[in-house]
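To start, I am sharing the structure in question, which I have written as structure tokens.
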Amino acid sequence: MSELTWFKSSYSSNESVECVEVAETATAILVRDSKDKSGPHLTFTPDSWQAFITFAATVEA
């Protein structure tokens, strides 16, 4: 896999905040733990990722 560009949520305003990072390819959305950048990652299809984002936006914290 070529070099990915990973980014954190806009809710993570501080580098010391631990969260997930997301990268996008033409065919997949990848998610990893920001504390373990060389560790495993989850891979979602674009449709599955969109379904997750839509659901997450409807859930109260």
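Any read-out appearing in this document is the output of simple, stated calculations on the displayed coordinates, not a laboratory observation. This structure is a prediction, so every number in the text was calculated from the model and none was measured. Here Cβ is always computed from backbone atoms with ideal geometry, including for glycine, and neighbour counts include all displayed protein chains.
For the stretch 34-40, in order, what is each residue's ³J(HN,Hα) by Karplus, 6.51 cos²θ - 1.76 cosθ + 1.60 with θ = phi - 60°, in whole Hz (x at glycine and Pro)?
After applying 6.51 cos²θ - 1.76 cosθ + 1.60, I find 5, 7, 9, 5, 8, x, x Hz.
Of Glu24, Glu60, how do they rank once you tally other Cβ atoms within 10 Å and put the fewest first?
Starting with the residue having the fewest Cβ neighbours, the order is Glu60, Glu24.
Between Asp47 and Val31, what is 0.36 nm times their sequence separation minus the Cα-Cα distance? Round to one decimal in nm.
Full extension of this stretch gives 4.3 nm more.
Let me ask something additional. For the stretch 7-58, report the translational diffusion coefficient in µm²/s to the nearest whole number, using Stokes-Einstein at 4 °C, 1.567 mPa s, and a Kirkwood Rh over Cα pairs. Show your work: numbers first, answer last.
Working: Rh = 11.9 Å.
The Stokes-Einstein estimate is 109 µm²/s.
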